[in-house]
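Heads up, the thing below is written out as structure tokens.
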Amino acid sequence: MNVLVIGGGGREHALAWKLAQSPKVQMVYVAPGNGGTATDSRLKNVPITDVVQLRQWAQDNKITLTLVGPEVPLAAGVVDEFRAHNMRIFGPTKAAAQLESSKAFSKAFMRRHGIPTAEYATFSDPAAAHAYVDKMGAPTVVKADGLAAGKGVVVAMTVAEAHEAIDFMLVDSTLGVAHNDGGARVVIEEFLEGEEASFIVMVDGKNVLPLATSQDHKRLQDADQGPNTGGMGAYSPAPVVTPDVHAKAMREIILPTVKGMEADGIPFSGFLYAGLMIDKNGQPKTLEFNCRMGDPETQPIMMRLKTDLVDVLMAATEPGQHGKLDEVELQWDRRTALGVVLAAHGYPMNPRKGDAITGIPKEAEDAAVFHAGTQLQDGVLSTSGGRVLCVTALADSVKQAQQRAYQVIDEIAFEGMQYRTDIGYRAVKG
């Protein structure tokens, strides 16, 4: 069969890489893809991003199954478009994708359905937002209500930082946020203490299939210093998600969310990602929902997945009221997978593009380099985005996976390359 992966980042490269391993797959197309998917003989790039044109292309090219990677096409209704033409596609509808595309929708949904999350208030008026911060004090969290490519969150440790974030998001509106109807809004939340983890499951409208646990590193620099980013590295499994935390997350967060969406008349199918904050008592709260796999969590998770991803997705998209994920059992590599992001000069605020990349080694059984912000022009591979590569390794322990990943990184070079040297430090320290 022919399979289509929509997107062009590291997550999509990893998903396409995994799908291409299936004996059932003839070709995996990636739209629009990147420099890494362009150089893999098992993958083929398709330079289309328009939703209707993609659906038309998929029909013309007899695509059996489509998988959506990023949030923008989901918010644009790509799933609705494909389903309207009876095509198998895995992802949430435009209405269900509001869990991610609108922080205000998501917080109101959680409050309505009793799902544990931080206290919050929503504002479109800057004066009211400033007054609220003056009343509540710091630390606090200011979030842009809309899609901001992982950069619309400011953890303000002082009141002055919170005021600056409000002006930045509401007054200047310079984040490049895809605002929802009614213009710019911010959600201001209480600051939660604890350790973060990424809890990602697959949903077919009713049944839930949890993926391996993982942990992302949001800050740019070692020891969680510097500005927030889209993610500088991740590893799987995450020791902080103990069996007890896992059970609580499923019982108190994931299952009520899936049931709540169904009760609200917008059943959810696709990847559901709950960003959890786990306090010192092992109690998880929801920081946010994403309606897709995380990036860079996808890369380590796909390295560990032993089950044929095509079989899982076919079960999830089985025609009818809901799929058959309840009949699927996932097999995982027992080893730890760890991925380190190599970012461009100037990332996250002003990433530089066009720097030539050299030294990417051939794929090995225990190491792979997934491309995100890369392009191939006239045979030259160069940077084309903020997060450029994710070097991912498998080993018997976090420490060994760390060593293997950094060993591969030593071979790779591009001007201005920046990366953290401590990915996985919490698990090593633990």
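The values are calculated or read from the model by the stated rules, or taken from the named source; none is laboratory data. Predicted model, so just to flag it, every value in this text is computed and none were measured. As a convention, Cβ positions derive from the backbone with ideal geometry for all residues, glycine included, and neighbour counts pool all protein chains shown. Ligands, DNA and RNA are stripped out before the accessible areas are found, and what is left, the full protein with its side chains, is counted by its heavy atoms. Shrake-Rupley method; radii C 1.70, N 1.55, O 1.52, S 1.80 Å.
Just a few scattered comments:
- Structure note, pairs Lys62/Lys324; Lys259/Lys280; Lys135/Lys353; Lys107/Lys399; Lys107/Lys135; Lys285/Lys353: Cα-Cα distances above 31 angstrom occur for Lys135/Lys353; Lys107/Lys399; Lys285/Lys353.
- Comparing the range 194-293 with the 2.2 N^0.38 Å rule of thumb, its C-alpha radius of gyration ratio is 1.10 (two decimals).
- The accessible surface of the chain, taken with every protein chain in place and a 1.4 Å probe, is 49 percent carbon and sulfur.
- Of the residues Arg426, Arg304, ranked by 1.4 Å probe accessible area with the largest first, the sequence reads Arg426, Arg304.
- Computed from backbone phi, the HN-Hα couplings of the range 251-267 come to 6, 9, 10, 5, 5, x, 5, 5, 5, x, 5, 5, 5, 7, x, 10, x Hz, rounded to whole numbers (Karplus: 6.51 cos²θ - 1.76 cosθ + 1.60, θ = phi - 60°; Gly and Pro given as x).
- Relative contact order %, the chain, counting alpha carbon pairs below 8 Å whose residues are six or more apart: 16 percent
- P(r) weight above 26 Å for the range 17-138, C-alpha pairs, percent: 42 percent
- Whether the chain is rounded, prolate or oblate, judged on the alpha carbon gyration tensor where a/c under 1.5 counts as rounded: rounded
- Dipole moment magnitude, nearest 20 debye, the range 295-400 about Cα centre, only Lys, Arg, Asp, Glu C-beta charged: 540 debye
- For the chain, excluding the exposed loop sites themselves (GluC sites (Glu not before Pro), DSSP loop, at most 13 other Cβ atoms within 10 Å), the longest remaining stretch covers 194-328.
- Heavy-atom accessible area ranking, 1.4 Å probe, most first, across Lys248, Lys259: Lys259, Lys248
- Rounded Å value of the spacing that divides the Cα centres of the range 104-143 and the range 285-336: 31 Å
- Ordered from largest to smallest accessible area (heavy atoms of protein chains, 1.4 Å probe), the residues Val171, Val428 come out as Val171, Val428.
- Gyration tensor verdict on the range 253-335 (Cα atoms; rounded if a/c is under 1.5, prolate if a/b is larger than b/c, oblate otherwise): oblate
- Normalised contact order of the range 304-430, rounded percent, pairs of Cα under 8 Å and 6 or more residues apart: 28 percent
- Cβ-defined net charge surrounding Phe370, 13 Å radius [Lys, Arg +1; Asp, Glu -1]: -2
- Between the range 250-272 and the range 361-417, the alpha-carbon center distance in angstrom: 35 Å
- Based on DSSP H segments of at least four residues, each scored -39500 (n - 2.57), the chain has a per-residue ellipticity at 222 nm of -7000 deg cm²/dmol.
- Using only alpha-carbon positions in the range 218-265, the gyration tensor eigenvalues give semi-axes of 30, 17, 8 Å once each is multiplied by 5 and square-rooted (largest first).
- Relative contact order (%) - criterion: Cα under 8 Å, at least six apart; region: the range 1-122: 21 percent
- Tensor-based shape of the range 311-430 (alpha-carbon gyration tensor, a/c under 1.5 rounded, otherwise prolate or oblate): oblate
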